[in-house]
Amino acid sequence: MNTTSETKCVCKHPECGKEFLVIVQEVQFYKDKKLPLPDFCPACRHKQRMALRSERKMYQRVCDKCSENMLSVYPEDAPYKVYCQKCFWENIE
Ligand SMILES: [Zn+2]
Ligand SMILES: [Zn+2]
C-alpha cells in the first residue's frame, strides 16, 4: 500500500457529492483515533460547524407580549416580534 498518497473520499451530503482528498496525515489521525474517515468534504463540514454555532447563539430578549425575560435566536435589533414559550403557544391557537 502506498502510504504517501492521499485518500479520495466522496462527500455524503445529498446536495454536494463532491470528491475530496484526505491527506495522509489526516488519514493516519483517524486511524490512530479509530475513527472512520470523514463523510463530508471540508466545505460541508465547515458549513455544519457554522450552523451549529449559529444555533447556539441566543440573545437576551423581552417577550413582546408579557415582557418576561427570555432567550431568543433573534438579536435585539431584529425586525421580528419575539414571544416567550408560553405566549408563543397562546399565539398559535
Ligand atoms: Zn460536500
Ligand atoms: Zn410572554
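Residue-level check: of (1) surrounded by 14 or more Cβ atoms within 10 Å (Cβ to Cβ); (2) in a loop (DSSP other than H, G, I, E, B), ARG61 misses just (2). Any residue at all in the stretch 35-52 that's surrounded by fewer than 11 Cβ atoms within 10 Å (Cβ to Cβ) and at pLDDT 90 or above? Yes, the stretch 35-52 contains at least one residue that is surrounded by fewer than 11 Cβ atoms within 10 Å (Cβ to Cβ) and at pLDDT 90 or above.
Taking the stretch 37-93 on its own, how many of its residues are among the β-branched types (Val, Ile, Thr) and under 24 Å from PRO14 (Cβ atoms)?
Just the residues of the stretch 37-93 that are among the β-branched types (Val, Ile, Thr), to begin with: 62, 73, 82, 92.
The next check asks that each one be under 24 Å from PRO14 (Cβ atoms); those that pass are none.
Residues meeting the conditions: 0.
The values are calculated or read from the model by the stated rules, or taken from the named source; none is laboratory data. Keep in mind that this is a model prediction, so the values were computed, not measured. Cβ atoms come from the backbone with ideal geometry, glycine included; neighbour counts cover every protein chain shown.
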